[in-house]
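The values are calculated or read from the model by the stated rules, or taken from the named source; none is laboratory data. None of the values given here were measured: they were computed from a predicted structure. Cβ: placed from backbone, ideal geometry, glycine included. Neighbour counts: every protein chain shown.
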Amino acid sequence: MGQKEEARAVRDKKAKKYLRYPEKAIEVGPKSVSELLDAMAQTGFQGKRLGEAARIWTEMVQQKGLTIFMGYAGSMSTTGMWKIVRWLIENRYIDVLVSTGANISEDIFEAMGHSYYQGTWMANDEDLLDAKIDRFYDIYADEYDYRELEGLIKKFASTLDANKVYSTREFLNLFGKYQFEKGIKSITAAAWKNKVPIYSPGLIDSGYGVALSLLKREGKLIRLDQTQDMEELGQIAERTKRTGVVYIGGGVPKDTIQLATIIKSLSEGGEEETPHDYAIQITTDSPQWGGLSGCTLEEAISWGKIAADSKRSVVYCDATLALPLIAHAMNEKVKSRKDPPDLRWVFKNK
């Protein structure tokens, strides 16, 4: 073998490391949603990542003894995503929900019988203010209907014991029961029925904050203990051992779930974290700004929050595009979850 041939042989050996998975162009034809996402997973860019995310979440719900946490941020419930989250809870495709306050109040708005309306982001906002119309980018809501939502929260909170301190999980569980009994089929009502704990580290940054503040002005203060939330999340991660995470957006819900994995090592003064074995995120934030919402899942490995050998994918895309596709793909592939973790013990915590 000549020098040229030897160099080519060395190069070919090195190239095999990289040239293992041929890209496959998508053939147009009759396909289910899951088949389309499987095909996209064999392409590139965000199409590939979307297909990977669907595959990873599907694998998660088929795993025995795996607890699936979901972080739910952004203005998703106003854009028709809340029924998907409710479906995920009812089918136990998620086991624990950590949400912004907005996403678990603005779903109730529609569950109460009110409507959001399609609009435009180029609206005259002064005119909307005069008409008492609230705008969420290109979605409109009637301000007077929104006040009914806040009134419902206030009416529920007025039934609580002012001498007791509630975790947000306790508060939302009781609120879910309250709604369920009134026939309001919200995310929190579904969570109460299906024994799925919901935590909201930013609960008052929403209609909940308005309602509780108004109630306080009337002389009744409802106190929330978010340290208890963190303790319970840490206990769930410790007891179940194997966990997976799904992040819709980022923000406080994402970091709250991430932090739950390191509480054990810090409390015991050791080095034993309980990093997540699976992780997917759908976000429009990017990592170079240094914020938590855009930070990569690889960065979380350095903190012991995500396992180095985890199956993971970040999809840089609007969640209103990705979440419906992934949910429908899972509905086609996984008819029921056979072994969701039993978290009834969480509801006995005081």
Looking across the stretch 157-216 at residues that are of a type in the set (Phe, Trp, Tyr) and assigned to a strand (DSSP E or B), the single one that is nearest to the chain's Cα centre (by Cα) is TYR199
Counting only residues that are out of contact with any helix residue (DSSP H, G or I) (no Cβ under 6 Å at 6 or more places or on another chain) and part of a loop (DSSP other than H, G, I, E, B), the stretch 111-131 contains a total of 10
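For (1) at pLDDT 95 or above; (2) under 17 Å from the mean Cα position of the chain (by Cα); (3) not basic (Lys, Arg), each residue gets a yes or a no:
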position	(1), (2), (3)
THR274	no, no, yes
GLY291	no, no, yes
LEU297	no, yes, yes
ILE301	no, no, yes
SER310	yes, no, yes
ALA327	yes, yes, yes
Within the stretch 41-59, the residues that are without any contact (Cβ under 8 Å) to a residue 40 or more places away in the chain, part of a helix (DSSP H, G or I) and out of contact with any helix residue (DSSP H, G or I) (no Cβ under 8 Å at 6 or more places or on another chain) are PHE45
Over the stretch 70-100, the set of residues within 25 Å of ASP339 (Cα to Cα), over 12 Å from the mean Cα position of the chain (by Cα) and assigned to a helix (DSSP H, G or I) is LYS83, TRP87, GLU90
Residue set PRO253, PRO340; condition assigned to a loop (DSSP other than H, G, I, E, B) and touching a strand residue (DSSP E or B) at 6+ places or on another chain (Cβ under 9 Å); output residue PRO340
Do we have LYS14 as without any contact (Cβ under 8 Å) to a residue 60 or more places away in the chain and under 30 Å from ALA189 (Cβ atoms) here? no
Exercise. Just wondering, is there one or more residues in the stretch 18-40 that are touching an Asp or Glu at 6+ places or on another chain (Cβ under 6 Å), buried (at least 16 other Cβ atoms within 10 Å of the Cβ) and touching a residue at least 60 places away in the same chain (Cβ under 8 Å)?
Worked result: yes
Conditions (1) within 18 Å of VAL334 (Cα to Cα); (2) in a helix (DSSP H, G or I); (3) touching a strand residue (DSSP E or B) at 6+ places or on another chain (Cβ under 7 Å) -> THR67 fails only (2)
Screening THR256, THR243 for residues that are in contact with an Asp or Glu (Cβ under 9 Å, 6 or more places away or on another chain) and surrounded by 23 or more Cβ atoms within 10 Å (Cβ to Cβ) leaves only THR243
When (1) assigned to a helix (DSSP H, G or I); (2) surrounded by 13 or more Cβ atoms within 10 Å (Cβ to Cβ) are applied to LYS14, the one that fails is (2)
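Residues checked against (1) in contact (Cβ under 8 Å) with a residue 60 or more places away in the chain; (2) assigned to a loop (DSSP other than H, G, I, E, B); (3) polar (S, T, N, Q):
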| position | (1), (2), (3) |
| --- | --- |
| ILE280 | yes, no, no |
| CYS295 | no, yes, no |
| ALA307 | no, no, no |
| VAL315 | yes, no, no |
| VAL346 | yes, no, no |
The condition from (1) touching a residue at least 24 places away in the same chain (Cβ under 8 Å); (2) more than 26 Å from GLU231 (Cβ to Cβ) that GLU181 misses is numbered (1)
Exactly one of THR227, THR159 is over 23 Å from VAL252 (Cα atoms) and among the hydroxyl-bearing types (Ser, Thr, Tyr), and that residue is THR159
Filter the stretch 224-235 for residues that are touching a Phe, Trp or Tyr at 6+ places or on another chain (Cβ under 8 Å) and part of a helix (DSSP H, G or I); the one that is farthest from THR284 (Cα to Cα) is GLU232
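Rundown of residues vs (1) touching a His at 6+ places or on another chain (Cβ under 7 Å); (2) under 30 Å from THR58 (Cβ atoms); (3) at pLDDT 95 or above, yes/no style:
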residue	(1), (2), (3)
ARG217	no, no, yes
GLU231	no, no, no
VAL246	no, yes, yes
LYS254	no, yes, yes
THR261	yes, yes, no
LYS264	no, yes, no
Looking across the stretch 19-48 at residues that are hydroxyl-bearing (Ser, Thr, Tyr) and at pLDDT 95 or above, the single one that is nearest to the chain's Cα centre (by Cα) is SER34
